[in-house]
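Peer 1: Quick one: structure below, then a few questions.
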Amino acid sequence: MTSNINAAPFEAKLELIDRRRDALAILSSFFQLEKVSVRPSFTRFFPLLSKSLNHDNEADQPPTPSCEILGTGPSNGRACFDPLRPLQEELSSSLDLGTATALAPLCLPLGLPQGYIHAPVLMERFKNSAVLSMAFPSFENDVTPVFNRIRLAREKVVLAEWCADHYVNNDNEKLKCLDLALDSSIQVSTQVEQQRRLYSRGYDNRIDNLDNALGTVKRITSIKEALKMGF
């Protein structure tokens with residue numbers, strides 16, 4: 001007798017459990033010895049598993065990680081889950097990239113894009129530099145390596161612009177960040193235009209996306225030109 005059981009939900013749940021097991025191994029390895037005392041509760045890194053294997057019921061789905069590169073926010077009206085929140089204190093207190101490098105493998109099992117752990121460490125370094133009147137992170141040695149870890153062009157734009165805004169009294173470094181932001185914003189607009197040509201459905205939405213992407217290119221270009229005029 002042929003079975004009509006759909007194995008896909010079981011396989012998806014097993015894969016999710018395997019990824020959580022990988023994340024726990026990384027966390028256990030990092031928070032050992034003298035760090036055991038500051039180890040966060042591991043359950044805080046994961047949303048609750050759904051009660052059933054059938055995800056047809058929207059209310060039964062757990063919140064999904066939807067972090068943006070600079071933090072978290074609502075996505076399509078659904079509640080968001082930030083798997084990095086338990087690491088906030090650890091990342092904020094680490095002014096070198098050693099901690100970020102050690103924890104970076106967490107991105108994959110937590111379902112986050114590359115660079116999501118290095119970015120907040122870099123941001124904290126900028127904030128500490130401003131508060132303590134210290135030298136800001138170097139563009140070549142600090143900003144560029146983190147930027148290169150990020151794969152999504154739109155998130156490269158966001159991070160590069162953030163860094164440009166936080167370079168105080170250093171227009172050269174600010175301009176370099178804006179160059180990165182502009183290159184990535186052009187890449188975003190090109191990708192949206194290609195999608196608009198390939199797909200006919202959702203055409204109106206893609207026009208809006210293209211308008212937004214082109215608007216970002218124009219805005220960053222204007223900021224760059226204004227900055228150059230001040231040299």
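Peer 1: Please tell me if residue 62 is touching a Leu at 6+ places or on another chain (Cβ under 6 Å), surrounded by 11 or more Cβ atoms within 10 Å (Cβ to Cβ), modelled with pLDDT under 70 and not aliphatic (A, V, I, L, M).
Peer 2: Yes.
Peer 1: Condition test on residue 124, is it more than 23 Å from residue 211 (Cβ to Cβ), assigned to a helix (DSSP H, G or I) and not aliphatic (A, V, I, L, M)?
Peer 2: Details: more than 23 Å from residue 211 (Cβ to Cβ): yes; assigned to a helix (DSSP H, G or I): yes; not aliphatic (A, V, I, L, M): yes.
Judged against the criteria, residue 124 is a match.
Peer 1: Run residue 148 past the list (1) free of Cβ contacts under 8 Å to residues at least 12 places away in the same chain; (2) in contact with a Ser or Thr (Cβ under 9 Å, 6 or more places away or on another chain); (3) not in a loop (DSSP other than H, G, I, E, B); (4) not β-branched (Val, Ile, Thr) and report the number of the one that doesn't hold.
Peer 2: With (1) free of Cβ contacts under 8 Å to residues at least 12 places away in the same chain; (2) in contact with a Ser or Thr (Cβ under 9 Å, 6 or more places away or on another chain); (3) not in a loop (DSSP other than H, G, I, E, B); (4) not β-branched (Val, Ile, Thr) applied to residue 148, the lone miss is (2).
Peer 1: In the range 159-183, which residues are within 15 Å of the chain's Cα centre (by Cα) and buried (at least 19 other Cβ atoms within 10 Å of the Cβ)?
Peer 2: 159, 160, 161, 163, listed by residue number.
The values are calculated or read from the model by the stated rules, or taken from the named source; none is laboratory data. None of the values given here were measured: they were computed from a predicted structure. Backbone-built Cβ (ideal geometry, glycine too); neighbour counts: all protein chains shown.
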